[in-house]
Amino acid sequence: MPRWSSLSVTAQGWCIAVAEFLLGLLLLSAGLYELAPVRVEAPAALRIGLLAAVCGAAVLRARRPVAALVLGAVPLGIDLLLGPSLPVWLVYSDLLYAGVRYGTERQARALLGLASALSAASFGVVYVVTGNWQLLVLTAIALSAFVGTPLWWGRAVRLHKDVADAERARAEAVTTIAELDRRAAVAAERNRMARDLHDVVAGHLSAIAIQSEAALGLSRDASSPTARRMEALHAVLESVRSNSVDALEEMREMIGLLRDRPVLGETTAPGRLAHLGKLVDSAHAGGTVVHVRRSGPGRQLPVAVDHAAYRIVQEALTNAAKHAPGVPVELSLDARGDRLEVTVRNPLPDGTVAAPRTPSGGRGLASMRERTELLGGRFRAGPSDGAWVVGASLPLRPGAPS
């Protein structure tokens, strides 16, 4: 047997109408149907016909509640003229309930107002016609039972359903927002991983490519003494090996963070300005001389600023070696005040940017800018007075003016 909730609205209406008709027949056959003294002796077939008519209107109780009320009012009026009968009034009270429960908010309000007006008019008519206060009390009881109760109950159920629907919509909205937040967090994490992957791997591999090119140049240089060439070649290969090991270690750390459990052993610490010497040595091995100038008190930098500054310097030196090979680079670190000023400057060959000798993915400047802006700093990169200048101004404390 199918569940009630699985039935269509029409099927539910038919089931309720049939059940009400059978209950009315039972009351009629038992003689339990008179609500007031019978004014006209009506045949049983007429009573059954009126019951069938109002039950037929009940089929539309959920789909077209207003139409059901209008159609049911016809047999209800005839029944009232003959003498009100319990089965018809019970079915019509269900139609009143359905009108408030399933109708629109405007229809429900109109029905409540109309019912209140008709009830007040009924009191007035009964009092004027009979002047009997006992009959007035009975009328009040009847109207409360057959009109007031279904209207109140339908309104209560409707309000409960509206609250449940609102809570359901709110829960769905919260779920949607949580899903959007999760996607945004995943996207932000992917962007961070892409930036770190570029800075870590691309920086080391670019240095390896530049140093390998320098090694090939040394192997083809027949003008230098063999011993000197071998010494320079050895230094280049040492730098290549150092960059390779560093790249593998930092890749191992990133892979360990992505796994369900960390890689055994200590993970490498993120690059800091304390390790700046390795970047300078690597650039020197590739043929780029770096002049470092530090100013300001030698205080401890915030971890995020220290790490970001290291990656910016790493990327700037890599770009300088790729686009202006062999050109000296000036690196300035100024930690005075509440900001760390990082400046990397290299002359432009012949006043123009040299063509890159190693592949470039074009993410370097974007990565440096993202790192700077994430800390609330300012970033600039471009030609200035015959040199290419990369500058980053990083706040040393949260809320520092930018």
Grab the Cα-Cα distance for residue 125 and residue 12, subtract it from 0.36 nm times how many residues apart they are, and report the gain in nm with one decimal.
36.9 nm
Given points 7 Å out from each Cα along the Cα-Cβ axis, report the residue 304 to residue 183 separation in nanometres with one decimal.
2.6
At a 10 angstrom cut-off on C-beta neighbours, averaged per residue, how do the peptides 48-58, 11-21, 162-172 rank from highest to lowest?
48-58, 11-21, 162-172
Could you work out how far apart the two model spin labels at residue 234 and residue 174 are, taking each label as a point 7 Å from the Cα in the direction of the beta carbon, and quote it in nm?
7.0
Along the positive direction of the dipole of the range 1-76 (beta-carbon charges: Lys, Arg +1; Asp, Glu -1; about the Cα centre), which of 60, 28, 17 reaches farthest?
60
Only four residue types carry charge here, +1 at the Cβ of Lys and Arg and -1 at the Cβ of Asp and Glu. Report the dipole size of the range 4-176 about the Cα centre in Debye, rounded to the nearest 20.
340
Could you tally the net charge around residue 9, taking each other residue with its Cβ under 14 Å from the Cβ of residue 9, Lys/Arg +1 and Asp/Glu -1?
+4
What distance in nm separates the simple spin-label points at residue 116 and residue 165, each placed 7 Å from Cα in the Cβ direction?
2.3
Which net charge results for the neighbourhood of residue 378, defined as the other residues with beta-carbon distances under 15 angstrom from its beta-carbon, given Lys and Arg at +1 and Asp and Glu at -1?
-1
So for the range 272-402, taking the charge dipole from beta-carbon charges (+1 Lys/Arg, -1 Asp/Glu), which of 368, 395, 331 sits furthest toward the positive end?
395
Just add up the charged neighbours of residue 330: K/R +1, D/E -1, any other residue whose Cβ is under 9 Å from the Cβ of residue 330.
+2
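No lab work stands behind these numbers, since they all come straight from the coordinates. The structure presented is a predicted model; accordingly, all values stated were derived computationally and were not measured. Methodologically, a virtual Cβ is constructed for each residue, glycine included, from the backbone with ideal geometry; neighbour enumeration extends over all protein chains shown.
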